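The values are calculated or read from the model by the stated rules, or taken from the named source; none is laboratory data. What you are looking at is a predicted structure, and each value in this text was computed from that prediction instead of being measured. Neighbour counts are summed over all protein chains in view; Cβ atoms, including those assigned to glycine, are modelled from backbone coordinates with ideal geometry. The accessibility values were calculated without ligands, DNA or RNA, using every heavy atom of the protein model including side chains. Shrake-Rupley method; radii C 1.70, N 1.55, O 1.52, S 1.80 Å.
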Amino acid sequence: QAVNLNRAGNMQKGSFSVCPICGNVLFSLGRGAFSCCGVTLPELEAEEGENEHAIHIDNVEDEHYVHLDHPMGKAHHISFLAHVSSDAVQVVKLYPEGDAAARFRLSKGGRVYAYCAHHGLFARKV
C-alpha cells in the first residue's frame, strides 16, 4: 500500500486546534496560523489516554461505538469525539451531562480522538 507523504493530501496527517474561550474546533490539513476570539490557536498534540481518558472502541454492525468512562460535568467533560481516516473526518460534538460516546462509520485504520475540556486531546489507533 502506497503512503501519501503529502501532508495536505492525507487526512490522517491533519491537526486539531480548540479555542480556549469559545470552544470552537478547527481541523487543518496543512500548516497555518489560526486564531479565534483574538487568541492564536496552537496545534494540539494527542496523548494516549489512560484511566478516565482511555478510549474504548467496540464494533457494532457497520459502526465503531466509541466511549470513555469520563465525568461529563460542566467544567470537566469530553467536548468532542472524532474519527480520522485516510479519506474522511467525522466529528461529534458532546455536551456536559450527556454521555461520552458516539458512533462512527466503520472503516479500517485511522485514529479516534477525544478532547477533554480540562486535560486536552487524546487518541487511539483503530
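At a glance:
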item: Span per principal axis, largest first, for the Cα atoms of the chain (Å); result: 43, 43, 21
item: Pairwise label distance in nanometres, Glu45 with Lys108, each label 7 Å out on the Cα-Cβ vector; result: 3.2 nm
item: Solvent-accessible area, 1.4 Å probe, carbon plus sulfur percent, for segment 45-126; result: 44 percent
item: Cα-Cα separations in segment 35-109 greater than 15 Å, expressed as whole percent; result: 63 percent
item: Charge sum, other residues only, whose C-beta stays under 14 Å from Val89's C-beta, Lys/Arg counted +1 and Asp/Glu -1; result: +3
item: Probe 1.4 Å, protein heavy atoms only - accessible area per residue of the chain in square angstrom; result: 60 Å²
